[in-house]
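The values are calculated or read from the model by the stated rules, or taken from the named source; none is laboratory data. If you're wondering where the values come from, they're calculated on a predicted model, not measured in any experiment. FYI the Cβ positions are ideal-geometry reconstructions off the backbone, even for glycines, and counts take in every protein chain you see.
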Amino acid sequence: MIRFLGKRMDYRFEATSIAGFVQQAVTYYRHGYHFYAPGTLTERCDVHAVDRAIISRYGLDLSKYQRYRRYQKGEAKVQYLRHGLVFAIFATKGRHEVFSGEALDDVRTRPLRFAGYSIAVRNGRVSVRIEEKQFRVLLEVFKENAGSISPGVFAALPFEAYEPIRRQFFRLLSAVNDERSARGLPLIPWSALRLRRRPVKVFE
């Protein structure tokens, strides 16, 4: 909840967690917000002043009816999402005066990268995975420590178990067990993997 010149507004934009940011981004992409512009604020800036400026600039302080009327006229729908100092502007197809001259990224050709996640739309479906460079680092660390790694390490991985990430979890465990088998060590059971995604409350 934010306030504009004494007026309360119910537009929610501040995700309380990384998982919440990713979950909400997925929701926007599923509803056709395929265009986005990511950004990072500095620690020196007035974060809430930036919030107010962005919300006012993109007309997010309008009523749902006013925004719907704009969409009916062919204007893009826009959403704002922030967690900490990282934010993204999401937009549907359509015109918007603020975007004049701006080149937005398209999640269908350029994934949104956030906190080690890579979020893309492939063949009409949203795909959430561990970003490839991040995953390669994880894979090397797990293989190097295969002899001492415990099952609890897999459950503690800080990524939600979206379907592509589940496959990456299996790759990690398979690589570890290959190393352990070669050394004559007991294998870590597949039950060590956390394969259910935990829905979170995105906003306060």
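When the residues of the stretch 1-31 are narrowed to those that are assigned to a loop (DSSP other than H, G, I, E, B) and either acidic (Asp, Glu) or farther than 22 Å from residue 197 by Cβ (or both), which ends up modelled with the highest pLDDT?
The qualifying residue modelled with the highest pLDDT is 13.
Is it the case that residue 185 is assigned by TED's automatic domain parsing to the domain that holds residue 142 and in a loop (DSSP other than H, G, I, E, B)?
Yes.
In this structure, is residue 163 within 17 Å of the chain's Cα centre (by Cα), surrounded by fewer than 18 Cβ atoms within 10 Å (Cβ to Cβ) and either closer than 22 Å to residue 24 by Cα or not small (Gly, Ala, Ser) (or both)?
Considered against the rule, which asks whether it is within 17 Å of the chain's Cα centre (by Cα), surrounded by fewer than 18 Cβ atoms within 10 Å (Cβ to Cβ) and either closer than 22 Å to residue 24 by Cα or not small (Gly, Ala, Ser) (or both), residue 163 comes out as yes.
Identify all residues within the stretch 13-31 that are of a type outside the set (Ser, Thr, Tyr) and either under 8 Å from the mean Cα position of the chain (by Cα) or surrounded by 15 or more Cβ atoms within 10 Å (Cβ to Cβ) (or both); write none if there are none.
13, 14, 15, 18, 19, 20, 21, 22, 23, 24, 25, 26
Against the definition (over 13 Å from residue 84 (Cα atoms) and at pLDDT below 95), how does residue 61 come out, yes or no?
yes
Of the conditions (1) surrounded by 15 or more Cβ atoms within 10 Å (Cβ to Cβ); (2) touching a residue at least 24 places away in the same chain (Cβ under 8 Å); (3) more than 25 Å from residue 198 (Cβ to Cβ), residue 94 fails just one. Which one is it?
It is condition (2) that residue 94 fails.
Conditions (1) part of a loop (DSSP other than H, G, I, E, B); (2) farther than 30 Å from residue 184 by Cβ; (3) without any contact (Cβ under 8 Å) to a residue 24 or more places away in the chain, marked per residue:
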site: 108; (1), (2), (3): yes, yes, no
site: 118; (1), (2), (3): no, yes, yes
site: 121; (1), (2), (3): no, yes, no
site: 126; (1), (2), (3): no, yes, no
site: 135; (1), (2), (3): no, no, no
site: 140; (1), (2), (3): no, no, yes
site: 149; (1), (2), (3): yes, no, no
site: 152; (1), (2), (3): no, no, no
site: 160; (1), (2), (3): yes, yes, no
